[in-house]
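Have a look at this one before I ask anything.
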Amino acid sequence: MEDTQCLSHIQRISPLVKKIEDTLAQQNHLEAKQKQLERGPLRHLYHVKDLNSLFAVCILVYLFVFHTVFSAALITLYQLFSTIDVLFISFISMFILFVCMPIFVYFLLIWSMNQLFKRWLHYDHKVHEVSLALKEAREVEQELKQTLSNQTTIPMYYLKTYALAKFETYFLRQRADSMKEAINLFELEQQHVLQQYRFYQYNGERRFTKMYEKAAEFEKQVSSSS
């Protein structure tokens, strides 16, 4: 395939590749939304993956109120256990009564309230709608990939907008005469950029140019799709 043919071929399939990537992004969004709905409206107050500053405020207020209201009962229970004259048992009893038990009650209470809110707000129906949308997006992705595979012989690994944009640049600047040369150039550049990226990461660099970020994103895309 000559360079002009390669260029026109890449320009022809690029919109289709972009559609596939948009569909994958939509799937990621729907999957995240589905998980959030499954965890419920109070997920920020109890679920380990969604905890934030609101949880810190709530747990501190809750512990203050809990110990204020139930302090007498807790002290009575502690005195009952501390009749055994063993320092280790006394310490464990205090830790369980004043720390573990209040936290356990908190999570049990919030989890129960979360289940009630999920029912009242019809979260099961919302999860079902998102599941259907996710299923449809996956079907569209498979159809688009099948259409793409029928239109090109370029390996699926390189069928990403980032790689195709690189190939297009090589042919426009006459750096490659065939797809094989373009792929070889891409691999050399990618390895060089990723080596620099990892070197800067190792040295604690946190700011990267778009070149490094796009190269790393490409590697992330191909590794997640493999």
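The values are calculated or read from the model by the stated rules, or taken from the named source; none is laboratory data. In this text the structure is predicted, and so the values were computed from the model without any measurement. Reconstructed Cβ throughout: ideal geometry from the backbone, glycine too, with neighbour counts over all protein chains shown.
Given Ile110, Ile103, which one is of a type in the set (Val, Ile, Thr), within 30 Å of Glu38 (Cα to Cα), surrounded by 15 or more Cβ atoms within 10 Å (Cβ to Cβ) and modelled with pLDDT of 90 or more? Step through it out loud before you land on a result.
Working: Ile103 fails: surrounded by 15 or more Cβ atoms within 10 Å (Cβ to Cβ).
Of the residues listed, the single one that is of a type in the set (Val, Ile, Thr), within 30 Å of Glu38 (Cα to Cα), surrounded by 15 or more Cβ atoms within 10 Å (Cβ to Cβ) and modelled with pLDDT of 90 or more is Ile110.
Continuing with the same structure: State whether the residues of segment 173-180 include one that is touching a helix residue (DSSP H, G or I) at 6+ places or on another chain (Cβ under 6 Å), surrounded by 16 or more Cβ atoms within 10 Å (Cβ to Cβ) and modelled with pLDDT of 90 or more.
Yes, segment 173-180 has at least one match.
Do you know which residues across segment 21-65 are polar (S, T, N, Q) and free of Cβ contacts under 8 Å to residues at least 60 places away in the same chain?
Of segment 21-65, the ones polar (S, T, N, Q) are 23, 26-28, 34, 36, 52-53.
Asn28, Gln36, Asn52, Ser53, listed by residue number.
May I ask you to list the residues in segment 128-155 that are touching a residue at least 24 places away in the same chain (Cβ under 8 Å), part of a helix (DSSP H, G or I) and over 25 Å from Glu38 (Cβ atoms)?
Across segment 128-155, the qualifying residues are Leu144, Lys145, Thr147, Leu148, Gln151.
Six or more apart or on different chains, Cβ atoms under 9 Å: show the pairs whose first residue is in segment 110-127 and closer than 27 Å to Val61 by Cα and whose second is surrounded by fewer than 14 Cβ atoms within 10 Å (Cβ to Cβ).
Lys118/Asp124
With respect to Val69, is the statement that it is out of contact with any Leu (no Cβ under 8 Å at 6 or more places or on another chain), under 27 Å from Tyr46 (Cα atoms), modelled with pLDDT of 85 or more and loosely packed, with under 11 Cβ neighbours inside 10 Å true?
Values: out of contact with any Leu (no Cβ under 8 Å at 6 or more places or on another chain): yes; under 27 Å from Tyr46 (Cα atoms): yes; modelled with pLDDT of 85 or more: yes; loosely packed, with under 11 Cβ neighbours inside 10 Å: yes.
Answer is yes for this residue.
What are the residue pairs meeting all of these: first residue in segment 177-198, first residue under 20 Å from Leu7 (Cα atoms), second residue of a type in the set (Ser, Thr, Tyr) and assigned to a helix (DSSP H, G or I), Cβ atoms under 6 Å, and 6 or more apart or on different chains?
From segment 177-198, the pairs are Ala182/Tyr170; Leu185/Tyr170.
So if I check each of Ala133, Ala137, Ala165, which one is at pLDDT 95 or above, of a type in the set (Gly, Ala, Ser) and closer than 27 Å to Ala216 by Cβ? Outline the logic, then answer.
Working: Ala133 fails: closer than 27 Å to Ala216 by Cβ; Ala165 fails: at pLDDT 95 or above.
That would be Ala137, the only listed residue that is at pLDDT 95 or above, of a type in the set (Gly, Ala, Ser) and closer than 27 Å to Ala216 by Cβ.
Ala215 fails exactly one of the following numbered conditions: (1) touching a helix residue (DSSP H, G or I) at 6+ places or on another chain (Cβ under 6 Å); (2) closer than 22 Å to Leu24 by Cβ; (3) modelled with pLDDT of 85 or more; (4) not acidic (Asp, Glu). What is the number of that condition?
Tallying (1) touching a helix residue (DSSP H, G or I) at 6+ places or on another chain (Cβ under 6 Å); (2) closer than 22 Å to Leu24 by Cβ; (3) modelled with pLDDT of 85 or more; (4) not acidic (Asp, Glu), Ala215 fails exactly one: (3).
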